[in-house]
Amino acid sequence: MASGQTKIRVRMAPSPTGLFHIGTARSTLYNYLFARKNKGKFILRIEDSDLERSKKEYEDDIIEGIKWLGLDWDEGPFRQSARTEIYRKYIKKLLASDQAFYCDHSQEELEKEKREQMEKKEAPKHICHRKGKAKKGIIRFRAPREKIVFNDLIRGKVEFESDLLGDFSIAKDEKTPLYNLGVVVDDAEMKISHVIRGEDHISNTPKQILLYRALDLAIPEFAHLPLILGPDRSKMSKRHDSVSIRQYREEGYLPSAMINFMALLGWNPGTEKEIFSLDELVKEFSLERIHKGGAIFDLDRLNWFNSQYIRQMNLDELTKKCLPYLPKDVDLDYAQKVVALEQERMKKLSQISETTKFFFEDDLKYEPELLIWKKMASKEAKANLELLEKKLSEIENFDRETLENEIMPLAEKYGKGELLWPLRVALTGQRASPGPFEVMEVLGKEKTLKRLKKANNAL
RNA sequence: GGCCCCAUCGUCUAGCGGUUAGGACGACGGCUUUUCAAGCCGUUAACCGGGGUUCAACUCCCCGUGGGGCUACCA
């Protein structure tokens, strides 16, 4: 057990078998917050011991994702694939003391045994009575029969009967550990004080405790996080829509929004504050306030956080971030004016390509009916557009204020809806958009007049 | 099936024996308004069930029920 003086050392140990997962990201965040809050160290370890499924591109995606979120680590990344000599030492020790042995039962035999046990309503487990004398088959751990109790920092006392575990597998061969042994060896070697991980690992914990004991290693504290759930309340996985950080990144979610949102899924400081910077989270964070129950990933809430952070951003920065969603050769000043009009309306950056299309197209297509306000006659709309065209052509300064001062009196006279609606639709071609004055200011006189003429012809 | 974990509005949650059960997202309504957003105001909506313990249970205990996780020569 870690004492008060023990240095806090935590780790994140993702396996590079898929894109950086939202659940992994939240665990990373919590580990990071705990480390920073307690002036400890945060270690990154890539669990790539399954060479078949591990891929460099996934490792890159995970590391990139962590950095994108604005998190960093103090040691690593270590890779299990580079640590085989370390594992060999421990596996040999277990073998030599007869706590582990080679088991050469085939997978078919094991599956058959399991099926039979389940039919008899027994706990499925393999207790090996055919210990290989040769170095053949898989290496199993001879689990002692005892009660295993550990104190989970989030859940309290958790008890298991090791009897139920059977002789579980720990390595494919002397240099290739399986998950449970790999974690134990690495966590011990890296002097990890607190293992903070998803709840799906609770059932691995007794196996790992047994291994710590067998190898005479110090057992860390454990804290099992509630899971992030899909809308169907099951663990978020590939069969749900968007589970990778990359997808959110590409859709235009801000790291600050992701961090804020994820932090509050399963934790909160007990106040009514909702918006937190990473630094503020570090200050407030505590394991004690983490929930036990899983939390559903609510996209509406994420969208809300994202819109909050989009609004807070300064315009230069926001424009830069929007560039990928705007036409390639766009003029930066023009783009900035466009973005300014959308800043308060955006839920995510990617939306801007649709909502601002009309700013970048010269040839708008008009549905004649759309140009007409409510029940006004087509003739009237036409007349109003002509009136506007004439008035606008006399105005030199196309800034919002001048435009408003010149046009609003007309609108009062001829009807706001009757005048302003056809104007706005002529400018945008859309049912919904920012107001006509803002749009004209961005478009400028020439484009404005051209659009009015064209709309008029469509009627 | 076995083992383990969990349980307050639709969702994220506050609550740690005595509260009109609070906030946020969403939804809905209103104001504003040429439209759509935004903004402001308001409405809706929850303690899974049953036993205890207690003067008093959302809160503590037990049992149900429900949900979830694990059950690999994956991690």
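Determine which member of the set A:Leu388, A:Leu392 is away from RNA strand B (no atom under 14 Å from the Cβ), touching a residue at least 24 places away in the same chain (Cβ under 8 Å), closer than 20 Å to A:Ala455 by Cβ and not in a loop (DSSP other than H, G, I, E, B). Give the derivation first.
Details: A:Leu388 fails: away from RNA strand B (no atom under 14 Å from the Cβ).
Just one listed residue meets the conditions, A:Leu392.
Could you grab me the full set of residues in region A:138-171 that are hydrophobic (A, V, I, L, M, F, W, C), within 37 Å of the chain's Cα centre (by Cα) and outside any strand (DSSP E or B)?
Passing the criteria: A:Leu153, A:Ile154, A:Leu164, A:Leu165, A:Phe168.
Just for region A:49-91: of the residues that are of a type in the set (D, E, K, R), within 15 Å of A:Arg11 (Cα to Cα) and in contact with a Lys or Arg (Cβ under 9 Å, 6 or more places away or on another chain), which one is surrounded by the most Cβ atoms within 10 Å (Cβ to Cβ)? Spell out how you get there, then give the answer.
First, pick out the residues of region A:49-91 that are of a type in the set (D, E, K, R): A:50, A:52-53, A:55-57, A:59-61, A:64, A:67, A:72, A:74-75, A:79, A:83, A:85, A:88-89.
Keeping just the survivors that are within 15 Å of A:Arg11 (Cα to Cα) gives A:72, A:74-75, A:79.
Of the ones still in play, those that are also in contact with a Lys or Arg (Cβ under 9 Å, 6 or more places away or on another chain) are A:74-75, A:79.
Values: A:Asp74: 13, A:Glu75: 13, A:Arg79: 16.
Step by step, filter region A:49-91, then rank; the result is A:Arg79.
If we keep just the residues of region A:160-194 that are buried (at least 18 other Cβ atoms within 10 Å of the Cβ) and among the hydroxyl-bearing types (Ser, Thr, Tyr), which is nearest to A:Pro14 (Cα to Cα)?
In this case the residue turns out to be A:Tyr179.
Return yes or no: is A:Lys283 surrounded by fewer than 20 Cβ atoms within 10 Å (Cβ to Cβ) and within 15 Å of RNA strand B (Cβ to nearest atom)? Break it down stepwise before answering.
Values: surrounded by fewer than 20 Cβ atoms within 10 Å (Cβ to Cβ): yes; within 15 Å of RNA strand B (Cβ to nearest atom): no.
Criteria not met by A:Lys283.
Of the numbered conditions (1) within 24 Å of A:Lys235 (Cα to Cα); (2) out of contact with any Leu (no Cβ under 6 Å at 6 or more places or on another chain), A:Leu51 fails exactly one; give the number of that condition.
Result: A:Leu51 fails condition (1) only.
Any chance you could count how many residues in region A:218-261 are closer than 25 Å to A:Val183 by Cα, among the hydroxyl-bearing types (Ser, Thr, Tyr) and more than 14 Å from RNA strand B (Cβ to nearest atom)?
So the answer is 1.
Working only within region A:356-378, note down all residues that are assigned to a helix (DSSP H, G or I) and of a type outside the set (Asp, Glu). Give the derivation first.
Within region A:356-378, the subset assigned to a helix (DSSP H, G or I) is A:357-360, A:368-371, A:378.
Of everything in region A:356-378, those that are assigned to a helix (DSSP H, G or I) and of a type outside the set (Asp, Glu) turn out to be A:Lys357, A:Phe358, A:Phe359, A:Phe360, A:Pro368, A:Leu370, A:Leu371, A:Ser378.
For region A:177-280, which helices (runs of 4 or more DSSP H) that fit wholly inside it have 1 or more residues that are in contact (Cβ under 8 Å) with a residue 12 or more places away in the chain, touching a Lys or Arg at 6+ places or on another chain (Cβ under 9 Å) and outside the structural domain of A:Ser49 (by TED's automatic domain parsing)? Give the steps one after another, and end with the answer.
Working: elements: A:179-189, A:205-214, A:245-251, A:255-263.
Here the list reads A:245-251, A:255-263.
Please determine whether any residue of region A:395-409 is under 20 Å from A:Leu341 (Cβ atoms), within 13 Å of RNA strand B (Cβ to nearest atom) and in contact with a Lys or Arg (Cβ under 8 Å, 6 or more places away or on another chain).
yes
I'm trying to understand the selection: among the residues of region A:364-382, which are under 17 Å from A:Thr448 (Cα atoms) and surrounded by fewer than 17 Cβ atoms within 10 Å (Cβ to Cβ)?
Here is the first cut: in region A:364-382, the ones under 17 Å from A:Thr448 (Cα atoms) are A:364-366, A:371, A:381-382.
Correct list: A:Lys365 only.
Against the definition (of a type in the set (D, E, K, R), modelled with pLDDT of 90 or more and away from RNA strand B (no atom under 14 Å from the Cβ)), how does A:Asp152 come out, yes or no? Step through it out loud before you land on a result.
Values: of a type in the set (D, E, K, R): yes; modelled with pLDDT of 90 or more: yes; away from RNA strand B (no atom under 14 Å from the Cβ): no.
Criteria not met by A:Asp152.
Can you find even one residue in region A:27-40 that is more than 21 Å from A:Leu227 (Cα to Cα), crowded, with 21+ Cβ neighbours inside 10 Å and within 20 Å of the chain's Cα centre (by Cα)?
The answer is no, given that none of the residues of region A:27-40 is more than 21 Å from A:Leu227 (Cα to Cα), crowded, with 21+ Cβ neighbours inside 10 Å and within 20 Å of the chain's Cα centre (by Cα).
Sort through A:Ser234, A:Ser242 and tell me the only one that's modelled with pLDDT of 95 or more, farther than 29 Å from A:Lys41 by Cα and of a type in the set (S, T, N, Q).
A:Ser234
Among (1) loosely packed, with under 11 Cβ neighbours inside 10 Å; (2) within 10 Å of RNA strand B (Cβ to nearest atom), which single condition is A:Arg145 missing?
(2)
Does region A:423-459 hold any residues that are outside any helix (DSSP H, G or I) and away from RNA strand B (no atom under 13 Å from the Cβ), and which are they? Give the derivation first.
Our first condition is that a residue be outside any helix (DSSP H, G or I); within region A:423-459, this holds for A:429-435, A:444, A:459.
Once the filter is applied, which keeps residues that are outside any helix (DSSP H, G or I) and away from RNA strand B (no atom under 13 Å from the Cβ), region A:423-459 yields A:Gly444, A:Leu459.
Identify the residue in region A:210-224 that is within 23 Å of A:Ile91 (Cα to Cα) and crowded, with 20+ Cβ neighbours inside 10 Å and, among all such residues, is nearest to the chain's Cα centre (by Cα).
Filtering region A:210-224 for residues within 23 Å of A:Ile91 (Cα to Cα) gives A:210-220.
Narrowing further to those that are crowded, with 20+ Cβ neighbours inside 10 Å: A:210-211, A:214, A:220.
Details: A:Leu210: 34, A:Leu211: 33, A:Ala214: 38, A:Pro220: 28 Å.
Only one residue tops the list, namely A:Pro220.
Tell me the residue from A:Leu349, A:Leu326, A:Leu278, A:Leu341 that is within 12 Å of RNA strand B (Cβ to nearest atom) and surrounded by 13 or more Cβ atoms within 10 Å (Cβ to Cβ), please. Explain how you work it out, then say what you get.
Working: A:Leu349 fails: within 12 Å of RNA strand B (Cβ to nearest atom); A:Leu326 fails: within 12 Å of RNA strand B (Cβ to nearest atom); A:Leu278 fails: within 12 Å of RNA strand B (Cβ to nearest atom).
Only one candidate passes the filter, namely A:Leu341.
Residue under question is A:Glu441, and the condition is that it be within 30 Å of A:Tyr253 (Cα to Cα) and in contact (Cβ under 8 Å) with a residue 12 or more places away in the chain; does it hold? If you could, list the steps in order and put the result at the bottom.
Numbers: within 30 Å of A:Tyr253 (Cα to Cα): yes; in contact (Cβ under 8 Å) with a residue 12 or more places away in the chain: yes.
Taking the combined requirement at face value, the residue satisfies it.
Would you please name the residue that is farthest from RNA strand B (Cβ to nearest atom), looking only at residues in region A:411-422 that are of a type in the set (A, V, I, L, M) and surrounded by 20 or more Cβ atoms within 10 Å (Cβ to Cβ)?
If we filter region A:411-422 for residues that are of a type in the set (A, V, I, L, M), which is where we start, we get A:411, A:419-420.
Still in the running and surrounded by 20 or more Cβ atoms within 10 Å (Cβ to Cβ): A:419-420.
On the way: A:Leu419: 8, A:Leu420: 4 Å.
The qualifying residue farthest from RNA strand B (Cβ to nearest atom) is A:Leu419.
What are the residues in region A:107-136 that are small (Gly, Ala, Ser) and either modelled with pLDDT of 90 or more or more than 10 Å from RNA strand B (Cβ to nearest atom) (or both), if any?
The initial filter retains those residues of region A:107-136 that are small (Gly, Ala, Ser), namely A:123, A:132, A:134.
Selection gives A:Gly132, A:Ala134.
The values are calculated or read from the model by the stated rules, or taken from the named source; none is laboratory data. On a predicted model such as this, the values are computed, not experimentally measured, just so you know. Backbone-built Cβ (ideal geometry, glycine too); neighbour counts: all protein chains shown.
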